[in-house]
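The values are calculated or read from the model by the stated rules, or taken from the named source; none is laboratory data. Being a predicted model, the structure only gives us computed values, none of them experimental. Here the Cβ positions follow ideal geometry from the backbone for every residue, glycine too, while neighbour counts run over all protein chains shown.
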Amino acid sequence: MEKTIRVAAVQAEPVWLDAEGTTKKTIDLIGQAAAEGAELVAFPETWIPGYPVFLWSYPVYQQMEFVARYHANSITVDGDQLRRIREAARENQISVVLGFSEKDGGSLYMAQAIIGADGEIVLHRRKLKPTHAERTLFGESDGSGIKVVETAIGRVGALNCFEHVQPLTKYAMYAQNEQIHVAGWPCLGIMGNVPALSPESIIAASQTYALEGSAFVLMATQIMSDDGALKFPDADGGPTPIYTGGGGFARIFGPHSGLISQPMEPTEEGLVYADLDLSQIALAKNTVDPAGHYARADVTRLIFDDRPQKPVIKPEEFDLQEFEDLRNEDDGIETASVFA
């Protein structure tokens, strides 16, 4: 039996639409997790400054006030809030997987950062494709964020929300021998009566990831209180109409897909913990390893492009062979005059 690794998953309410308030709460939760011996703590999707509940609540013309506040309270990778969170990770000697709304110029992205116990960012990624109404607020990413990274506690990866129902995205992660996976979810107390968005379906998606990937899965979720629901008021000042209560369903699953943490009540704030024995992964994969011995590459294969893609490429960054290939295709791409 290998040394066990103690981990924690957050189940808490952000300080809605308040980057500074949520940053302070983040640092407090990091300290709590470290005090309980955790070596890694996982936070939900867009934890800072909270999931944009207004996207699903009101017509676009009624969202403008919220959109402005959300932009103002989204954070940058090189900004003060993330710097202080990195310092908290280093001071507490704990790895942190943080979900946040990232502001880059005039665009927002649903980002995650894996921060090592030394405070360094090991991976910065963005949600590959925002889901449904999220696409009106957030930009898309590319394959460079579908990555598992080597850390002092094992091979760690992270995805946001409904990336966990994208079979090819998941398969690309499984193929990288992921050991510890962070599944960042929003508050499950909104639109909980819609079957596909229900807590039951989302828990099942996280558990399925553990089964298919033979990985430990840390499911981190936001919650929403009655007071929190009033932060997104309707025309009469009442709570957001999509509020269905609570929404906290933090869980930790083993590579055999079994639940290995003690769940809290959906309205309760806190952290769930588990002790991971990475040697269990080999036994789980011995049974089923979809990206290994259980694969049939002669029948089905995944084409995975993990190169960063940018809208503007400087000459020194450009692949001249790729440029020549584009010119030779003669498919109407008007780039030759730029690089002639």
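Miscellaneous remarks
- Note on the stretch 112-141: residues that are on the phi > 0 side of the Ramachandran plot and in contact with a strand residue (DSSP E or B) (Cβ under 6 Å, 6 or more places away or on another chain) total 0.
- Listed conditions (1) closer than 17 Å to residue 5 by Cα; (2) surrounded by fewer than 22 Cβ atoms within 10 Å (Cβ to Cβ) are all met by residue 181, apart from (2).
- Residues in the stretch 1-27 that are under 23 Å from residue 156 (Cα atoms) and either acidic (Asp, Glu) or assigned to a loop (DSSP other than H, G, I, E, B) (or both): 1, 2, 3, 4.
- Here residue 137 does not qualify as of a type outside the set (Phe, Trp, Tyr), modelled with pLDDT of 95 or more, in contact with a helix residue (DSSP H, G or I) (Cβ under 8 Å, 6 or more places away or on another chain) and closer than 17 Å to residue 308 by Cα.
- Residue in the stretch 221-237 that is of a type in the set (Ser, Thr, Tyr) and under 28 Å from residue 175 (Cβ atoms) present: yes
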